[in-house]
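Written below as structure tokens is the structure these notes are about.
The values are calculated or read from the model by the stated rules, or taken from the named source; none is laboratory data. In this text the structure is predicted, and so the values were computed from the model without any measurement. Glycine gets a Cβ as well: all are built from the backbone with ideal geometry, and neighbour counts include every protein chain shown.
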Ligand SMILES: [Zn+2]
């Protein structure tokens, strides 16, 4: 009998951990997908949003990360823009999770990855929208507001980046700004940005993704930069890291810190970081990089 109780208690603890013991808590996970973005948002009553799905080569580990959190269904799947490091994993995500609706930037890049993603969404009959600046939706008491795109921008340094879907997610006094790979042209088109407690640094910490005036508007306390070691672009740039430091912003990166998870009840905010390697080889490579600083 006692064993049975212990077993039931253990199952309860496990289920609670899997399904999140956090009624009333908003979680935002910056998932380590190497060079790319993937943000899992768990709303206070359990609804789920995934913002970007990383590159294709990280898709299976991304699916495993989400499954391990007891997620079976994604309510909102957002694609900030059609570059491979943001939508390469969409095929695997759509295959693994029943998806309620898709929010897309609406920018047609014409790449094979994007065409396949859009075709897959259509084939599955998933609701599809391209919300623009000013659009709002409240999910489990959390207000999601589209900050950009304001309008379609053409002739910029990267039109795909400069039409990124930028989302402000606010729960009580705590808020997040997810910026995709927005560059200066899109930043200028917005005008004034709202304050946010946590900033997803745009474009993997590239020089064109952040400037002093933008940080002055957003005034974040925390920042997270998703990027992969040894990326060919030199992300993140030292000048951006310095700017964040000078502004007193505590900064985490997925390359150094692994998965970065923010939890808030709308008043206080906690941040935890964890590496969740899928193989011993990954873990040894990580330790090797940390010890040697090599690639
Ligand atoms: Zn990117």
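Structure data summary
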read-out: Output for the range 31-50, where each listed residue is surrounded by fewer than 24 Cβ atoms within 10 Å (Cβ to Cβ), at negative phi and assigned to a loop (DSSP other than H, G, I, E, B); value: 35, 43, 44, 45, 47
read-out: Only one of 78, 53 that is out of contact with any helix residue (DSSP H, G or I) (no Cβ under 8 Å at 6 or more places or on another chain) and either within 16 Å of the ligand (Cβ to nearest atom) or at positive phi (or both); value: 78
read-out: Which listed residue, of 71, 28, is modelled with pLDDT of 95 or more, in a loop (DSSP other than H, G, I, E, B), on the phi < 0 side of the Ramachandran plot and away from the ligand (no atom under 16 Å from the Cβ); value: 71
read-out: Per-region count, the range 178-216, residues away from the ligand (no atom under 16 Å from the Cβ) and part of a strand (DSSP E or B); value: 1
read-out: Enumeration of residues in the range 118-138 that are outside any loop (DSSP other than H, G, I, E, B) and either touching a strand residue (DSSP E or B) at 6+ places or on another chain (Cβ under 7 Å) or over 19 Å from residue 74 (Cβ atoms) (or both); value: 121, 127, 128, 129, 136, 137
read-out: One residue from 151, 124, 98, 143 being closer than 20 Å to residue 185 by Cβ, surrounded by fewer than 17 Cβ atoms within 10 Å (Cβ to Cβ) and touching a residue at least 24 places away in the same chain (Cβ under 8 Å); value: 151
read-out: Which numbered condition residue 54 misses (of (1) in contact with a strand residue (DSSP E or B) (Cβ under 6 Å, 6 or more places away or on another chain); (2) assigned to a loop (DSSP other than H, G, I, E, B); (3) under 24 Å from residue 130 (Cα atoms)); value: (1)
read-out: Residues located in the range 153-164, provided they are assigned to a loop (DSSP other than H, G, I, E, B) and away from the ligand (no atom under 12 Å from the Cβ); value: 153, 154, 155, 156, 157, 159
read-out: Count - residues of the range 81-93 that are in a helix (DSSP H, G or I) and within 16 Å of the ligand (Cβ to nearest atom); value: 5
read-out: Condition broken by residue 167, with the remaining ones in (1) within 16 Å of the ligand (Cβ to nearest atom); (2) more than 17 Å from residue 100 (Cβ to Cβ); (3) not in a helix (DSSP H, G or I) satisfied; value: (2)
